[in-house]
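Participant: Just dropping this structure here.
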Amino acid sequence: MPERRTVALVTLGCARNEVDSEELAGRLAADGWELVPEAADADVAVVNTCGFVEAAKKDSVDALLEANDLKDHGRTQAVVAVGCMAERYGKELAEALPEADGVLGFDDYADISDRLRTILGGGVHAPHTPRDRRKLLPLSPVKRQEAAAEVALPGHGAPSDLPEGLAPASGPRAPLRRRLDTSPVASVKLASGCDRRCSFCAIPSFRGSFVSRRPSDVLGETRWLAEQGVKEVMLVSENNTSYGKDLGDIRLLESLLPELAAVDGIERVRVSYLQPAEMRPGLIDVLTSTEKVAPYFDLSFQHSAPAVLRTMRRFGDTDRFLELLDTIRSKAPLAGVRSNFIVGFPGESEEDFAELERFLTHARLDAIGVFGYSDEDGTEAAGYERKLDQDVIDARLAHLSRLAEELTAQRAEERLGETMEVLVESVAGPEAVAAGEDAAVGRAAHQAPETDGQVVFADGAGLAPGRMVRARVVGTEGVDLMAECRVEEAVR
């Protein structure tokens with residue numbers, strides 16, 4: 001019997017990448033690869049890279065170099081780059097980073113097992129020459145679904161995509177996916193790509209035009225995840241508010257959410273990546289009134305000064321955004337809201353920056369991400385004039401980051417005394433608690449994984465990962481909440 005080959009997937013970047021990694025894991029497991037959690041224990045380390053901004057690219061390169069070091073003193077024989085950075089730069093990345101034994105684009109995902117076997121056997125797979133993936137599908141959204149069958153869309157795979165004779169180990173009902181952790185939370189890809197043309201963003205060029213997954217596929221994957229012990233699903237894509245437009249129904253998300261919430265075993269459904277300009281009254285109603293759907297609004301504001309937003313090729317202003325938040329909170333006063341902002345955009349005046357401060361001061365956001373502008377290859381903004389000096393960008397970034405930290409801490413303090421449903425995600429053992437670690441950690445409806453803080457329990461007696469409990473907020477530490485609960489009052 002031939003020696004079993006082992007592979008580790010190292011995932012960087014956003015939740016969309018996590019879904020893509022689990023699809024790759026499903027393909028590899030179906031073809032006989034053994035999945036291991038640590039790169040040092042694998043024959044091949046596959047690094048799913050992020051190519052969004054410069055800092056993310058640097059992290060991806062560092063991860064590839066770190067995995068390459070394992071080849072000198074471990075089992076690892078090959079290091080392969082996949083993901084957004086590999087897709088975006090292809091041959092250029094391979095030439096700049098010879099430490100990577102392979103650079104695979106999205107078109108290689110369907111044949112990932114063969115690609116890795118070739119590389120592991122000492123063969124060479126030529127990296128692709130990047131292309132604008134927006135040009136692979138019809139311009140009209142309603143004409144894309146049929147054509148999309150011929151285009152690689154990571155995270156959209158079905159068992160029928162596997163070579164003949166192979167199927168996911170968990171049976172024909174399973175999606176083309178293998179979980180890489182045991183968290184009670186998992187992301188589900190709602191769509192891929194983006195039709196917006198924000199002047200600072202390169203994502204559409206390497207992720208392609210917007211393509212929705214069919215509701216039956218999303219429901220089927222959610223049911224499978226529930227069977228694996230998942231209690232919360234987070235719907236991810238580049239723009240969830242556009243879901244269904246290529247299926248002939250722009251309001252499809254409103255009808256899908258109650259169906260997902262009704263899946264046996266699912267305790268919470270969360271929607272991420274919402275565009276303020278595309279928010280609809282009906283969608284707000286569903287997000288704020290459907291049982292088990294979190295009243296959570298991950299709104300991509302980016303700025304609030306009208307002049308800057310127009311230069312970004314976006315819409316809105318401070319007052320319109322505040323009106324949107326008022327509408328949301330009139331329906332769900334405790335709704336969670338987060339957003340990201342870019343400071344130092346070309347042409348941003350002191351008055352524009354002050355307008356952004358005004359918005360943040362009045363918005364009462366639960367979580368705020370602030371980024372300094374930097375040119376991105378191939379974007380319209382990279383060619384703009386009126387670029388700000390780097391020291392000005394750095395000063396504004398530091399100032400707004402401090403303000404954001406203060407405002408989100410204040411918002412957390414507003415939740416003192418609030419009773420909320422918390423999904424327990426981890427519980428520490430007695431030794432860890434004795435060493436000063438938190439007894440248990442979870443998240444409330446207004447807190448998404450990784451980005452929005454957490455709920456900390458000093459007493460974890462009776463708590464277990466995956467359990468939904470009712471807790472009362474008794475303290476805060478930045479955006480984190482300190483809470484206490486009585487297990488006998490557990491929700492589920």
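Participant: Residues in the stretch 117-125: is at least one among the polar types (S, T, N, Q), modelled with pLDDT of 90 or more and touching a helix residue (DSSP H, G or I) at 6+ places or on another chain (Cβ under 7 Å)?
Facilitator: No.
Participant: Can you list the strands (runs of 3 or more DSSP E) lying wholly within the stretch 377-465 that have 2 or more residues being touching a strand residue (DSSP E or B) at 6+ places or on another chain (Cβ under 7 Å) and open to solvent by 60 Å² or more (accessible area, probe 1.4 Å)?
Facilitator: The qualifying strands (runs of 3 or more DSSP E) are 419-427.
Participant: Answer yes if at least one residue in the stretch 330-339 is under 30 Å from Ile393 (Cα atoms), aliphatic (A, V, I, L, M), under 21 Å from the mean Cα position of the chain (by Cα) and buried (at least 18 other Cβ atoms within 10 Å of the Cβ), and no otherwise.
Facilitator: Yes, the conditions are met somewhere in the stretch 330-339.
Participant: Based on this model, can you work out whether Phe301 counts as within 25 Å of Leu325 (Cα to Cα), touching a Pro at 6+ places or on another chain (Cβ under 8 Å) and surrounded by 21 or more Cβ atoms within 10 Å (Cβ to Cβ)?
Facilitator: So Phe301 passes the test.
Participant: Please list, ordered by first then second residue, the pairs with beta carbon atoms under 8 Å, 6 or more apart or interchain, first in the stretch 180-197 and more than 17 Å from Ser21 (Cα to Cα), second of a type in the set (Asp, Glu) and open to solvent by 40 Å² or more (accessible area, probe 1.4 Å).
Facilitator: Correct list of pairs: Pro184/Glu425; Arg197/Glu380.
Participant: Would you mind telling me which numbered condition in (1) open to solvent by 20 Å² or more (accessible area, probe 1.4 Å); (2) at pLDDT 95 or above Phe315 fails?
Facilitator: Evaluating Phe315 over (1) open to solvent by 20 Å² or more (accessible area, probe 1.4 Å); (2) at pLDDT 95 or above leaves (2) as the failure.
Participant: Still on this structure, please answer the following. Taking only the stretch 34-82 into account, find how many residues are farther than 26 Å from Tyr373 by Cα, surrounded by fewer than 24 Cβ atoms within 10 Å (Cβ to Cβ) and either modelled with pLDDT under 85 or not small (Gly, Ala, Ser) (or both).
Facilitator: Looking only at that region, the number is 19.
Participant: Please work out if Ala167 is modelled with pLDDT of 90 or more and either more than 20 Å from the chain's Cα centre (by Cα) or surrounded by 21 or more Cβ atoms within 10 Å (Cβ to Cβ) (or both).
Facilitator: For Ala167, the condition - modelled with pLDDT of 90 or more and either more than 20 Å from the chain's Cα centre (by Cα) or surrounded by 21 or more Cβ atoms within 10 Å (Cβ to Cβ) (or both) - is not met.
Participant: Quick one: how many residues across the stretch 321-351 are without any contact (Cβ under 8 Å) to a residue 40 or more places away in the chain, farther than 29 Å from Asp389 by Cα and either in contact with a Ser or Thr (Cβ under 7 Å, 6 or more places away or on another chain) or part of a helix (DSSP H, G or I) (or both)?
Facilitator: 5
Participant: Give the residue that is nearest to Asp217 (Cα to Cα), with candidates limited to residues of the stretch 252-280 that are in a loop (DSSP other than H, G, I, E, B) and of a type in the set (A, V, I, L, M).
Facilitator: Val263
The values are calculated or read from the model by the stated rules, or taken from the named source; none is laboratory data. Quick caveat: nothing in here was measured; it's all calculated off a predicted structure. When we count neighbours, we look across all protein chains shown, and the Cβ atoms used for this are built from the backbone with ideal geometry, even at glycine. Surface areas here come from the heavy atoms of the whole protein model, side chains and all, with no ligands, DNA or RNA. Shrake-Rupley method; radii C 1.70, N 1.55, O 1.52, S 1.80 Å.
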